[in-house]
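Just so it is clear, none of the values below were taken in a lab; they were calculated from the coordinates. Keep in mind the model is a prediction, meaning the values are calculated, not measured. When we count neighbours, we look across all protein chains shown, and the Cβ atoms used for this are built from the backbone with ideal geometry, even at glycine.
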Amino acid sequence: MQSKPIRVAIAGLGFGAEFIPIYQRYPGANLYAICQRNPEKLKQVGDAFGVPHRYTDFDELLQDPAIDVVHINTPIPDHGIQSIKALKAGKHVACTVPMATTVDECRQIVELVKATGLTYMMMETVVYSREFLFMKELYEKGQLGRIQFLKASHQQDMDGWPDYWPGLPPMYYATHCVGPVLALTKSQAEYVSCFGSGTIRPGLQEHYHSSFAVESTHIKFRDSDLCAHVYRSLFDTARQYRESFEVYGSEKSVEWPLIEGDPLVLHTAKRPEPEIPEAVHAPDYAHLLPEGIRGFTTGGVYDADEHRHLSFIQGAGHGGSHPHMVHELLSAISNRRRPFPDATASANITCVGILAHESALKGGERIYLPAFTLAG
Ligand SMILES: NC(=O)c1ccc[n+]([C@@H]2O[C@H](COP(=O)([O-])OP(=O)(O)OC[C@H]3O[C@@H](n4cnc5c(N)ncnc54)[C@H](O)[C@@H]3O)[C@@H](O)[C@H]2O)c1
């Protein structure tokens, strides 16, 4: 651990506010500043959590030499440019998903991280959820056998969400399904082929000149016999919110439930048919965390409308992922190692989505990931 506390600033206080109490309780860190444009909301959140430094302007925040890390939770179109600015200002960067909305912004971030030696982590919740950690444990212990296929989906009805959402091509926000399929075996995507399906209503299509209701992508893994299938919908498709991730192995497979909250299904090969499936709940992985933040795996949810902290709601907080992401980020900075996903891995995951949409517009044409997204 570094002797001096790591001073963290959070920009964007909707989803971003959920991380304030985690940083405040993290040993060796200091939640130093918050930033959002509306001064009244800034004051409300700052007073509720006793945050000492507050900014309404992101560029001004970056001028503060005391800040070591900026955790960006602003609207999607700002992620790329704000990450670039923060790295240029000499800050370590954590950014909510996706990394950026263009391949060129992803490239600039990867190059800046290489040039500066600063840390960058995309804060992908799914790869730190208890369900993912459970499947990872099975994989690492060899219980799945040989991995044969991976599959993930993210479906959500985004009607009524802020102005950058309407009509967003589904694959532009694909990290919650691309992240886990690549992360389990620490693989990289080599190329993608995506088909668009269905049509969203005309008023939605004009925002991004995109009409597909569903985008369905196959990802070929680099230097591997594996491929994965991911699909997404955001508008005009009836489906309960679901971020699913499934893995098929030669010995065991894990499937996601059809209805949120139901248990996972663990299949074991070579048993009598009725005994193959088994309902299982993923255990909690709080023991992997420093003691002060273990309680946040089962909740620690902040209610942005009420400006209060709703503590310890069972199952909340994206599969208990929030404290795990904070721990990964801060321990990587302290120990001068790369976090997962680092800039290169984040670019590979994010560019799968951006290029998949391009593939869909070209009728499913195969598109290769650029070299800067491939490690080693
Ligand atoms: N599971 C996940 O990983 C997950 C879950 C929820 C949200 N998110 C991501 O978090 C981000 C924010 O989502 P949200 O629902 O809180 O959005 P929101 O629109 O409710 O909040 C955005 C916040 O950013 C602030 N902001 C906007 N522009 C800014 C700027 N230029 N400088 C400083 N602050 C600025 C706003 O004041 C507000 O506090 C989105 O990119 C979303 O994709 C990720």
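Side notes on the structure shown:
- Every residue from the range 183-221 that is over 15 Å from residue 246 (Cα atoms), under 21 Å from the mean Cα position of the chain (by Cα) and surrounded by fewer than 20 Cβ atoms within 10 Å (Cβ to Cβ): 186, 190, 191, 220, 221
- Scanning the range 61-77 for residues that are within 14 Å of the ligand (Cβ to nearest atom) and free of Cβ contacts under 8 Å to residues at least 12 places away in the same chain gives no hits.
- Qualifying residues in the range 26-50 (those that are loosely packed, with under 14 Cβ neighbours inside 10 Å and under 23 Å from residue 327 (Cα atoms)) - the one farthest from the ligand (Cβ to nearest atom): 27
- Flag for residue 274 being farther than 30 Å from residue 367 by Cα, in contact with a Lys or Arg (Cβ under 8 Å, 6 or more places away or on another chain) and outside any strand (DSSP E or B): no
- Close pairs (8 angstrom Cβ cut-off, 6 or more residues apart or separate chains): more than 18 Å from residue 268 (Cβ to Cβ) and part of a loop (DSSP other than H, G, I, E, B) in the range 139-164, within 16 Å of the ligand (Cβ to nearest atom) and among the β-branched types (Val, Ile, Thr) anywhere: 164/76
- Of all the listed residues (125, 96, 102, 119), the sole one being surrounded by fewer than 17 Cβ atoms within 10 Å (Cβ to Cβ) and within 24 Å of residue 175 (Cβ to Cβ) is 102.
Yes or no, residue by residue, for (1) under 30 Å from residue 279 (Cα atoms); (2) within 16 Å of the ligand (Cβ to nearest atom):
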residue: 84; (1), (2): no, yes
residue: 89; (1), (2): no, yes
residue: 96; (1), (2): no, yes
residue: 124; (1), (2): yes, yes
residue: 129; (1), (2): yes, yes
residue: 135; (1), (2): yes, no
residue: 147; (1), (2): yes, no
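- Residue under evaluation residue 353, criteria (1) surrounded by fewer than 22 Cβ atoms within 10 Å (Cβ to Cβ); (2) farther than 13 Å from residue 120 by Cα; (3) under 22 Å from the mean Cα position of the chain (by Cα), criterion not met: (1)
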